[in-house]
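No value in this document is a laboratory result; all are computed from the given coordinates. Worth saying up front: this structure is predicted, and the values here are computed from it rather than measured. All Cβ positions, even for glycine, are placed from backbone atoms using ideal geometry, and neighbour counts span all protein chains on display.
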Amino acid sequence: MREYTISQLAHLAGVSVRTLHHYDQIGLLVPQTRTAAGYRLYQQADLLRLQQILLYREMDVPLAEIQRLLDEPGFDPLTALDEHRQCLSARIERLQRLLVTVERTIEQLEEDKMPLTDKELYEGLTPEQAEQYEREAR
């Protein structure tokens, strides 16, 4: 069984050592093992938990909520991964629609070849986003 030091895991996961220290301090990611000198050693279960944390963070879930979710007695990592996959797929589809809208707008502005309707200028922006922007404006 492979163990990682905090710097090795930080490098592997693309996060800072400070982030891992913080996650340990708040009880979100407490390594299963420590050396006699007190150094953190992360094992497979820790790596999988960190993956869950980072996936939830990618979806803008606050740390306290992530901890609550991961520590629920019935938490199922496979179900969570399937939900992550569904959310990421939906995000990819939305971003692809936005990319097409941006590309078409660029074409219209550069070459005036393909006029867009006013409605087409906003394709890919969801009603949920519009509601969020309205809440921010208030």
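Once mean projected area of the Cα convex hull in nm² is worked out from the coordinates, which option in (1) 13.6; (2) 12.6; (3) 10.3 does it equal? Checking each listed value against the structure points to (2). For the chain, a crude dipole built from +1 on the beta carbon of Lys and Arg and -1 on the beta carbon of Asp and Glu, taken about the Cα centre, is about 800 debye to the nearest 20.
Each of L88, G38, L12 was placed along the dipole of the chain (beta-carbon charges, centred on the mean Cα), and the one lying farthest toward the positive end is G38.
Normalising the Debye intensity of the stretch 84-126 to I(0), with uniform scatterers on Cα atoms only, and taking log10 at q = 0.15, 0.18, 0.20, 0.35 Å⁻¹ returns -0.41, -0.53, -0.61, -1.13. Direction-averaged projected area, Cα convex hull, the stretch 1-81: 5.6 nm², rounded to one decimal. When shorter helices are ignored and each DSSP H run of at least 4 residues is given -39500 (n - 2.57), the per-residue value for the chain at 222 nm works out to -20500 deg cm²/dmol.
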